[in-house]
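Heads up: the structure comes next, in structure tokens.
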């Protein structure tokens, strides 16, 4: 026969077991190991996608830097080449056309040699991505042109390049040297609209 103390111990153990079972039943669903794993997996996937995107951005940036280095590394050398090309062009420009046409013998060979050298230098510049700016007749653009003076001209649209003092060049998409130009002043603000051709048609039958 059990004593009173033994009965109390048994009752306490039974109560503790019941409380533990109730606690497990009341535990929130968040403690479910499957849900926890799914949540952790989603976080890891997000971190992986962010890392992949960052690596792709770094790759593109590196490729762009390498391309720019290749394309623009010769910029300083190209400017020096332009100075030499300008001197050749200047030598031909200051020579009267009549003198060039009447040249014979050694003098004619010299002129032809200078012309050939100028053409070859321009060809080599273009081969390396350096192209000439052709601004005459275009609207003045401060990104590509440098205004040296204004030219009063009532017939030209104001702000139009009418004279080119020194040719400009671009390398790739960058200006290597702006064109030095003269800009029209005093003319119309915009080009006149084309005349209505219908008014000039012969309406007779």
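Annotations for the structure displayed:
- The residue list 111, 94 contains one member that is more than 23 Å from residue 174 (Cα to Cα), loosely packed, with under 13 Cβ neighbours inside 10 Å and out of contact with any strand residue (DSSP E or B) (no Cβ under 8 Å at 6 or more places or on another chain), which is 94.
- Residue in segment 143-165 that is surrounded by 10 or more Cβ atoms within 10 Å (Cβ to Cβ) and either in contact with a helix residue (DSSP H, G or I) (Cβ under 6 Å, 6 or more places away or on another chain) or more than 30 Å from residue 187 (Cα to Cα) (or both) present: no
- Taking segment 97-107 as the range and being surrounded by 10 or more Cβ atoms within 10 Å (Cβ to Cβ) and not in a loop (DSSP other than H, G, I, E, B) as the test, the residues that pass are 99, 100, 102, 107.
- Number of residues in segment 171-192 that are surrounded by 18 or more Cβ atoms within 10 Å (Cβ to Cβ), part of a strand (DSSP E or B) and either in contact with a helix residue (DSSP H, G or I) (Cβ under 6 Å, 6 or more places away or on another chain) or touching a residue at least 40 places away in the same chain (Cβ under 8 Å) (or both): the value is 6.
- Residue check, residue 136 in contact (Cβ under 8 Å) with a residue 24 or more places away in the chain, within 27 Å of residue 72 (Cα to Cα) and in a loop (DSSP other than H, G, I, E, B): yes
- Unique match (being part of a helix (DSSP H, G or I) and either assigned by TED's automatic domain parsing to the domain that holds residue 188 or touching a residue at least 60 places away in the same chain (Cβ under 8 Å) (or both)) among 80, 86, 141: 86
The values are calculated or read from the model by the stated rules, or taken from the named source; none is laboratory data. Keep in mind that this is a model prediction, so the values were computed, not measured. When we count neighbours, we look across all protein chains shown, and the Cβ atoms used for this are built from the backbone with ideal geometry, even at glycine.
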